[in-house]
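Accompanying notes for the structure given below.
Where a number appears in this text, it was derived from the coordinates with a stated rule and is not lab data. All figures in this text were calculated on a predicted structure; none of them were measured in a lab. Here the Cβ positions follow ideal geometry from the backbone for every residue, glycine too, while neighbour counts run over all protein chains shown.
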Amino acid sequence: MSVQADCWEGRPWPLPDAVAQPFFDAAGCGRLQLQRCVNCGTAVFYPRPYCTVCLGELQWIEACGKGCIYTFTVIRQNLSRAWRGQVPYVVVMVELPEGVRMMGNLVACPADEVHIGMPVEALFVSSSAWTGGETAGSGEPTSDRAGRPARGLVLWHPIPG
Ligand SMILES: [Zn+2]
């Protein structure tokens, strides 16, 4: 897994709340983390304050950073200023061996070569270039729970094989 800077330039960064901040902090350091319940062992993603099965306490664990595409969509039109120059791009739902699915952008793969079951690996983007104040094109902030800006993002790329 590697960390790249500036390849997200011009696009909005998440403004995570306190529950999700550790995920983005880890991503900024090149680590993929998710939560696991200390009571029942259920893996949980997206970040939540309590276990979705038993309401137990969650702890952050390190994920292996690899998975398979569960489903995907090709975005061919986006009216947002930040995204219109990026089309077509691929958004994937990745199934991780830890037992959760994560949504993210697929990079380094032409849209017509993506397929369900494709093995992928996490790719991290650091947010050193974060400038704040970006919007998703609608004029609305990307989050109204603005805490600290995300330190990193998780993208996905195919594992050569
Ligand atoms: Zn639980």
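Structure notes:
- Using only the C-alpha atoms, the convex hull of segment 15-112 corresponds to 125 Å³ per residue.
- Theoretical FRET efficiency, 1/(1+(r/R0)^6), r = Cβ-Cβ of Ala108 and Glu62, R0 22 Å, to 0.05: 0.40
- Going by neighbour counts of Cβ atoms within 10 Å, the residues Val94, Val74, Val44 line up, fewest first, as Val74, Val44, Val94.
- Label-reachable residues, segment 86-120, where backbone N falls under 20 Å from a point 7 Å from Cys54's Cα toward its Cβ: 98-100
- Applying the Karplus relation 6.51 cos²θ - 1.76 cosθ + 1.60 with θ = phi - 60° to segment 52-66 yields 3J(HN,Hα) values of 6, 9, 10, 6, x, 5, 10, 10, 7, 10, 7, 8, 6, x, 10 Hz, where x marks Gly and Pro.
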